[in-house]
Protein chains: 2
Amino acid sequence: MGYACLMAVDRDHVLRAAAALLTRKSTATMDEVAKAAGISRATLHRHFAGRDALVRALESLGIAECEAALDTARPGEGPAAEAVRRLVRAIEPSAALLAFLYTENQLFEGEQQNAGWTRIDDRISALFRRGQESGEFRIDLTPAWLTEALYGLLASGAWAVLEGRVAAKDFTFMITELLLGGALRREEP
Amino acid sequence: MGYACLMAVDRDHVLRAAAALLTRKSTATMDEVAKAAGISRATLHRHFAGRDALVRALESLGIAECEAALDTARPGEGPAAEAVRRLVRAIEPSAALLAFLYTENQLFEGEQQNAGWTRIDDRISALFRRGQESGEFRIDLTPAWLTEALYGLLASGAWAVLEGRVAAKDFTFMITELLLGGALRREEP
DNA sequence: CTACAGTGAGACGCGAACGTCTCACATGGG
DNA sequence: CCCATGTGAGACGTTCGCGTCTCACTGTAG
């Protein structure tokens, strides 16, 4: 007895390794995942019933990280623009995992998606709506679209960093600046 | 003899059907693709040696449509912002196919990608660079990132429309407005 | 009418990945 | 010391999609 905590640590470690690998190669084999995690395929199967269960676990991890990021970003406090900056900064470490899940979700077509995503969608949409109501954000772009665009930019950003097309240190800046300010040069106030 | 043209028409029709299906379900079987195109699997194999060849053909189609869109958008003429609007409008019909190819490209990791993409990247980057040099666009977002972000927004937009989260008629507007103007409300000039 | 190109339906073997199983080994606790 | 638990290695059968093949049918050109 007393191994429960060790198990959890191991499981989390496997999950991280799987996320890191699948982010780069979404079609990786169970064998490759096991190898990447430094364990055997048998042990991998002892932790996760199958590939499906593994992806579901990764989904749960992604949802948990998103909600944690939302919690630390305090999207209800201060100017909405600042809240968006805090959110992107908080979510940056999870961006690659999110990018993987974002594309993987297209495979779940038909089945209803995990309720966690709609919870997250709602919280982010609420942030954009708050910014609109306070007059910070323009009202001709729907909160749903801004939320979707945020996901898309996070995914593109993570992917571009992974491929070396943009510098990792610019990730947050480029996403927030484009999302909030756009490409047009702003007139000085 | 004399069937060459008919063959080409058929091939194009199959390609369109495959694009429409794979856009929605990227893991569709060759059998499903054939069924979607209204032909048998044997005939599908007569047109495209294998699944790989089919995806390559779709890639060529996507590249051709992108370059055609770039041609009609005349990215070198007029204000850069207007050129971007024209480009997005011209590329909209191909957005779903592009979204599919954009995610599919992650599978080509390792192998060098089709030269067509770098050609397109260069033309779009040049457009953003032109906007920066003319003073229209801000210079703290690199053309490479703006190009990448455009791809991401096109993919997110196509996907959101496909899922019914945003209206299809708003596609171009939402992408161009977000890309150019961002979410922040602009001060009246 | 005859010949033939194109097609659809289906059978067949192949290979990859999966999920399950067994067995031997090691490590830590009683 | 002995036992038990977790692990690694590997074998095994199954499933699934792919690619190839054959064969019968159809429509059209000669």
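Key figures for this structure:
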{"item": "From the options A:Ala28, A:Ala34, residue that is aliphatic (A, V, I, L, M) and within 14 Å of chain B (Cβ to nearest Cβ)", "result": "A:Ala28"}
{"item": "Total residues in the range A:106-139, condition touching a Phe, Trp or Tyr at 6+ places or on another chain (Cβ under 8 Å) and not aromatic (Phe, Trp, Tyr)", "result": "2"}
{"item": "Some residue of the range A:42-50 being small (Gly, Ala, Ser), away from chain B (no Cβ under 14 Å) and away from DNA strand D (no atom under 12 Å from the Cβ)", "result": "yes"}
{"item": "Set B:Gln106, B:Gln132, B:Gln112: member being within 16 Å of the chain's Cα centre (by Cα) and not basic (Lys, Arg)", "result": "B:Gln106"}
{"item": "Some residue of the range B:133-145 being at pLDDT 95 or above, part of a helix (DSSP H, G or I) and surrounded by 18 or more Cβ atoms within 10 Å (Cβ to Cβ)", "result": "yes"}
{"item": "Leading residue by the ranking (nearest to B:Gly157 (Cα to Cα)) among those in the range B:9-46 that are basic (Lys, Arg) and in contact with a helix residue (DSSP H, G or I) (Cβ under 7 Å, 6 or more places away or on another chain)", "result": "B:Arg24"}
{"item": "Failed item, numbered, when B:Leu54 is tested on (1) exposed (fewer than 15 other Cβ atoms within 10 Å of the Cβ); (2) among the hydrophobic types (A, V, I, L, M, F, W, C); (3) closer than 23 Å to B:Leu107 by Cα", "result": "(1)"}
{"item": "Pick from the range B:168-189, criterion more than 9 Å from chain A (Cβ to nearest Cβ) and surrounded by fewer than 16 Cβ atoms within 10 Å (Cβ to Cβ), ranking: modelled with the lowest pLDDT", "result": "B:Glu188"}
{"item": "Helices (runs of 4 or more DSSP H) completely within the range A:14-109 that count 1 or more residues being touching a residue at least 12 places away in the same chain (Cβ under 8 Å) and among the small types (Gly, Ala, Ser)", "result": "A:30-37, A:51-73, A:80-91, A:95-104"}
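Yes/no per residue for (1) within 16 Å of DNA strand C (Cβ to nearest atom); (2) assigned by TED's automatic domain parsing to the domain that holds B:Asp121:
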site: B:Ala20; (1), (2): no, no
site: B:Thr29; (1), (2): yes, no
site: B:Leu44; (1), (2): yes, no
site: B:Ala53; (1), (2): yes, no
site: B:Glu82; (1), (2): no, yes
site: B:Ala95; (1), (2): no, yes
site: B:Leu101; (1), (2): no, yes
site: B:Leu107; (1), (2): yes, yes
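The values are calculated or read from the model by the stated rules, or taken from the named source; none is laboratory data. For clarity, every value in this text was computed on a predicted model and none was experimentally measured. With ideal geometry, Cβ positions are generated from the backbone for all residues, glycine too; neighbour counts draw on all protein chains shown.
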